[in-house]
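Let me begin by presenting the structure, written as structure tokens, before commenting on it.
The values are calculated or read from the model by the stated rules, or taken from the named source; none is laboratory data. On a predicted model such as this, the values are computed, not experimentally measured, just so you know. Glycine gets a Cβ as well: all are built from the backbone with ideal geometry, and neighbour counts include every protein chain shown.
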Amino acid sequence: MTSLDGFFAGAVPVATSAAATMPERAGTTPPQEEARAEEAAAADEPSGVVEIETPSGIHVYYQAGPKRLYRLRQLFQEDKDFFNWTEVPSMSTVTKCLDKPGLVHWGEKVGINLVQELVRQGKVDLDYIKKFKPNDAHHPPWYGGEGLREIGNREKLTNYHMKDAAASRGNSVHQALEGWAMSGVLADPDVYPEHERGFVVGLNKFLSESRFQPTMSEVIVASIEHKVAGRFDLLGNIPEPVELTYHLTEKNAYRKTFQPCSALVDLKTSAGVFEEYHLQVAGYRGCLIESGYLKDEAELPTGYVLRVTLDGRYELVEVQAEWLDFWFLRGLYDALNGIRDRSRAAAKKGAK
């Protein structure tokens, strides 16, 4: 694989010294930076802005808040739409058009956990719950299930709060990975909250066992042709044959020998490795050539999803989707948005 060192100023390069400083962990932002972030949010101003140029000359603007977005621009190309900044979806946004049946079971689990936790904390009693009859139209709106939801919101135990906690956990573990890529120093799990610690242990176990050699981290890639952009976590090499965990179940960890290869790795802290992750990584790989990091498909790295778990384990799953798979999904994303926009326009026209 062609060396990528120095190609991309917007990505985080591998540190040459193990003494490099670890980046701030999520939840430990310096007070002055927190104050600036709050001021920007209050003024509805862009925050977390990164603007880079890929080796092929694609300019990428990334904004973390208040709305997360990517914009692309390329001055010397045939598509005049991109002479000026043009907003495009991210890889993860494109995959959101997929059906996610697992969310139904997750929501059910959150609801059950909510009731159990409210009972445990003494916020409600069993008699309160027993009074609820789902099909009884005489209950006032605050009663029964709605009443429990109100209490859950107040106690920060709803699905929205669970999603926020998962996002915070993901940010912390990603910063641990980025810090290692910069410094060569594994993050100390003991400095993380208990609900994040196991994920960092799993990450460290993978990095130690694989002896992974990072080239770049937090790499932004883009495609003018397919109007998409994104940022993946790690690019580098598995230097020698090594036995690693490739599949996890609740009770077992299945291992096999991975051969030396160049590797594109995207880190997840989810409950499983879902189809959308395969497509997301396929999108990243497909953009490497147009972004100018590689010359042709022969140089493409193997795509992997690295999932780490609360109980300190990991699995490295080889991606089974191709660029063409993501390209079809990208078309579906546009088609669904087009249907939605035309339906809304027709409804407004009919209402006049």
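Which condition does PRO239 not pass, out of (1) touching a Pro at 6+ places or on another chain (Cβ under 7 Å); (2) within 30 Å of GLN74 (Cα to Cα), if it passes all the others?
Condition not satisfied by PRO239: (2).
Considering only segment 254-268, how many residues are touching a residue at least 40 places away in the same chain (Cβ under 8 Å) and either of a type outside the set (S, T, N, Q) or more than 22 Å from TRP180 (Cβ to Cβ) (or both)?
The number of residues fulfilling the criteria is 8.
How many residues are surrounded by fewer than 17 Cβ atoms within 10 Å (Cβ to Cβ) and out of contact with any Asp or Glu (no Cβ under 9 Å at 6 or more places or on another chain) if we restrict to segment 293-308? Spell out how you get there, then give the answer.
Start the filter on segment 293-308 by keeping residues that are surrounded by fewer than 17 Cβ atoms within 10 Å (Cβ to Cβ), which leaves 295-299, 302.
Those left that are additionally out of contact with any Asp or Glu (no Cβ under 9 Å at 6 or more places or on another chain): 295-299.
Selection size over segment 293-308: 5.
I want to confirm something. Restricting to segment 182-195 and keeping residues that are of a type in the set (A, V, I, L, M, F, W, C) and assigned to a loop (DSSP other than H, G, I, E, B), which single residue is surrounded by the fewest Cβ atoms within 10 Å (Cβ to Cβ)?
Filtering first and then ranking leaves VAL185.
Collect the residues in segment 235-276 that are in contact with a Cys (Cβ under 9 Å, 6 or more places away or on another chain) and buried (at least 20 other Cβ atoms within 10 Å of the Cβ), keeping them in residue-number order.
Passing the criteria: only ILE238.
How many of the residues in segment 206-228 are closer than 28 Å to GLY331 by Cβ and of a type outside the set (D, E, K, R)?
Adding up the residues that qualify gives 8.
Of the residues TYR333, TYR284, which single one is over 20 Å from SER208 (Cβ atoms), assigned to a helix (DSSP H, G or I), touching a Phe, Trp or Tyr at 6+ places or on another chain (Cβ under 9 Å) and hydroxyl-bearing (Ser, Thr, Tyr)? So that I can check it myself, show each step before the final result.
Values: TYR333 fails: touching a Phe, Trp or Tyr at 6+ places or on another chain (Cβ under 9 Å).
Result: TYR284 is the single residue among TYR333, TYR284 that is over 20 Å from SER208 (Cβ atoms), assigned to a helix (DSSP H, G or I), touching a Phe, Trp or Tyr at 6+ places or on another chain (Cβ under 9 Å) and hydroxyl-bearing (Ser, Thr, Tyr).
Can you pull out every residue in segment 37-65 that is among the small types (Gly, Ala, Ser) and either modelled with pLDDT of 90 or more or surrounded by 15 or more Cβ atoms within 10 Å (Cβ to Cβ) (or both)?
ALA37, ALA40, SER47, SER56, GLY57, GLY65
Output the number of the condition that LEU316 fails; it satisfies all remaining conditions of (1) in the same structural domain as SER210 (by TED's automatic domain parsing); (2) under 22 Å from THR95 (Cα atoms); (3) among the hydrophobic types (A, V, I, L, M, F, W, C); (4) modelled with pLDDT under 95.
Failed condition: (4).
Can you confirm whether segment 72-90 contains a residue that is modelled with pLDDT under 75 and either under 30 Å from GLY152 (Cβ atoms) or hydroxyl-bearing (Ser, Thr, Tyr) (or both)?
no
Hey, among LYS251, LYS349, which residue is farther than 29 Å from PHE199 by Cβ, without any contact (Cβ under 8 Å) to a residue 40 or more places away in the chain and of a type in the set (Lys, Arg)?
Details: LYS251 fails: farther than 29 Å from PHE199 by Cβ.
Only one candidate passes the filter, namely LYS349.
Kindly check whether there is at least one residue in segment 337-346 that is modelled with pLDDT under 95 and either surrounded by 12 or more Cβ atoms within 10 Å (Cβ to Cβ) or closer than 30 Å to GLY202 by Cα (or both).
Filtering segment 337-346 down to residues modelled with pLDDT under 95 leaves 337-346.
Keeping just the survivors that are either surrounded by 12 or more Cβ atoms within 10 Å (Cβ to Cβ) or closer than 30 Å to GLY202 by Cα (or both) gives 337.
Yes - at least one qualifying residue is present in segment 337-346.
Identify the residue in segment 201-231 that is of a type in the set (S, T, N, Q) and buried (at least 21 other Cβ atoms within 10 Å of the Cβ) and, among all such residues, is farthest from ALA263 (Cα to Cα).
Restricting to residues being of a type in the set (S, T, N, Q) and buried (at least 21 other Cβ atoms within 10 Å of the Cβ), the top hit is SER223.
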